[in-house]
Every structure is written in C-alpha cells, then in structure tokens.
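Reviewing the structure listed below.
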Amino acid sequence: MKREYKKKVITSNALHPKDTGSHQVQVAILTERINELTKHLEEHPKDNHSRRGLLMMVGKRRKILNYLKDLNKEAYEALLEKLNVRK
C-alpha cells in the first residue's frame, strides 16, 4: 500500500486528528490490504504464500471487529457499513 494512500485511509477513519491506531483505523487499513491482495490472487491463483497472508489478515480483522462489537455496537455497525464488509 502506498504511503499517501495509507494516510488517506487513516484520516478518513480517524476518531481525532492524531489517531493512527484505533480499532476503526486498524480495520480500515486491513480492509484495504485485503482488497489489494484479493485482486492480486485473482491474477495469480497459485500464489499460496499470499493466500495464507490473506487468510491471516482476514482473521486478524475479524478478531478486531469482534472486540469492537463487544465494546461499541453502534461504531461496529457504522464501520461495517462504511467499509462494505460482510459480517
């Protein structure tokens, strides 16, 4: 992910101006990386090393989302809607 693009993702999901590590930002960054890797795997279906990384990222995102769901259900639902992520 390019540095400028990552900054744009962070600023669009940040809770305050210096926010770089909140749950919402982490999920947004992981979602963008997952989307990029999904496109890569469509072109290179036999790339099993990248597929494993993709599955690990999806699992990590799911864990963070489950924690956010327990912490703040409204923020969880808003984030799913904003990032267009399935439950």
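Condition check for L83 on (1) exposed (fewer than 12 other Cβ atoms within 10 Å of the Cβ); (2) at pLDDT below 95: one failure, at (1). If K2 satisfies all but one of (1) farther than 14 Å from V85 by Cβ; (2) surrounded by 11 or more Cβ atoms within 10 Å (Cβ to Cβ), what's the number of the condition it fails? All conditions pass for K2, except number (2).
The values are calculated or read from the model by the stated rules, or taken from the named source; none is laboratory data. Since we're looking at a predicted model, the values are computed, not measured. Ideal geometry is used to build each Cβ from the backbone, glycine not excepted, and the neighbour counts take in all protein chains shown.
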